[in-house]
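Peer 1: Before anything else, here's the structure in question.
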Amino acid sequence: MNVSDVSKAERVARLRAFLMAAMAVILVVTAWLGFGDGAADSARPWVRHVGWAVMILLWLVILATGGGLRLSRSVRRVMNDEVALANRGSALRLGFWTAMAGALALYAASFSLDLNLRDGLRLLVNFSIAAALARYAWLELR
């Protein structure tokens, strides 16, 4: 491993943290904006839903692997050191607990609201992943 690998890893790791923070905000905003919007009645609702699912899967892969899969092995090794792994573990735990609390909140809300399953799941997934992304970004940038 050389000095340029270390500097590249530091640069990419910082960019990754900023991207995760931005994506957390985007997920929260799109969850609220897309709630009950009727776009599912459009001519091509599958494009919107497949696009959302692909985006969610992409961020789950990035959370699970640390991203940077196209980088060299030495750069990924530096990027995903013990601190980054611990931060990712903490972020994934928060995402899990956010999902559990959100599921209970949606269950309780379903008694007084006419809640569409698709909307509820979208809120749950978006907020859970946003919590994990925000936690990881916060830990990496502090």
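The values are calculated or read from the model by the stated rules, or taken from the named source; none is laboratory data. Bear in mind that the values here come from a model prediction, so they are computed numbers and not experimental data. A quick note on method: Cβ atoms are made from the backbone with ideal geometry, for glycine too, and the neighbour counts reach across all protein chains shown. Surface areas here come from the heavy atoms of the whole protein model, side chains and all, with no ligands, DNA or RNA. Shrake-Rupley method; radii C 1.70, N 1.55, O 1.52, S 1.80 Å.
Peer 1: Between a residue in region 60-77 that is over 16 Å from L19 (Cβ atoms) and touching a residue at least 60 places away in the same chain (Cβ under 8 Å) and any residue that is open to solvent by less than 50 Å² (accessible area, probe 1.4 Å) and outside any loop (DSSP other than H, G, I, E, B), which pairs come within a Cβ distance under 6 Å, given they are 6 or more apart or on different chains?
Peer 2: Pairs that qualify, where the first residue is over 16 Å from L19 (Cβ atoms) and touching a residue at least 60 places away in the same chain (Cβ under 8 Å) and the partner is open to solvent by less than 50 Å² (accessible area, probe 1.4 Å) and outside any loop (DSSP other than H, G, I, E, B), are S74/D5; V75/D5; V75/A9.
Peer 1: Specify the residue that is modelled with the highest pLDDT; the eligible residues are those in region 38-48 that are more than 22 Å from the chain's Cα centre (by Cα) and open to solvent by 70 Å² or more (accessible area, probe 1.4 Å).
Peer 2: Filtering first and then ranking leaves R44.
Peer 1: How about region 116-140: which of its residues are open to solvent by 50 Å² or more (accessible area, probe 1.4 Å) and either of a type in the set (K, R) or more than 18 Å from the chain's Cα centre (by Cα) (or both)?
Peer 2: N116, L117, R118, R135
Peer 1: Given the criterion under 13 Å from the mean Cα position of the chain (by Cα), farther than 12 Å from I129 by Cα and either buried (at least 18 other Cβ atoms within 10 Å of the Cβ) or small (G, A, S) (or both), identify the matching residue among G95, G67, G51, G34.
Peer 2: Testing whether each residue is under 13 Å from the mean Cα position of the chain (by Cα), farther than 12 Å from I129 by Cα and either buried (at least 18 other Cβ atoms within 10 Å of the Cβ) or small (G, A, S) (or both) leaves just G67.
Peer 1: Any residue at all in region 24-41 that's small (G, A, S), assigned to a helix (DSSP H, G or I) and without any contact (Cβ under 8 Å) to a residue 40 or more places away in the chain?
Peer 2: Step one: list which residues in region 24-41 are small (G, A, S), which gives 24, 31, 34, 36, 38-40.
The next check asks that each one be assigned to a helix (DSSP H, G or I); those that pass are 24, 31, 39-40.
Narrowing further to those that are without any contact (Cβ under 8 Å) to a residue 40 or more places away in the chain: 39.
Looking for residues that are small (G, A, S), assigned to a helix (DSSP H, G or I) and without any contact (Cβ under 8 Å) to a residue 40 or more places away in the chain, one finds at least one in region 24-41, hence yes.
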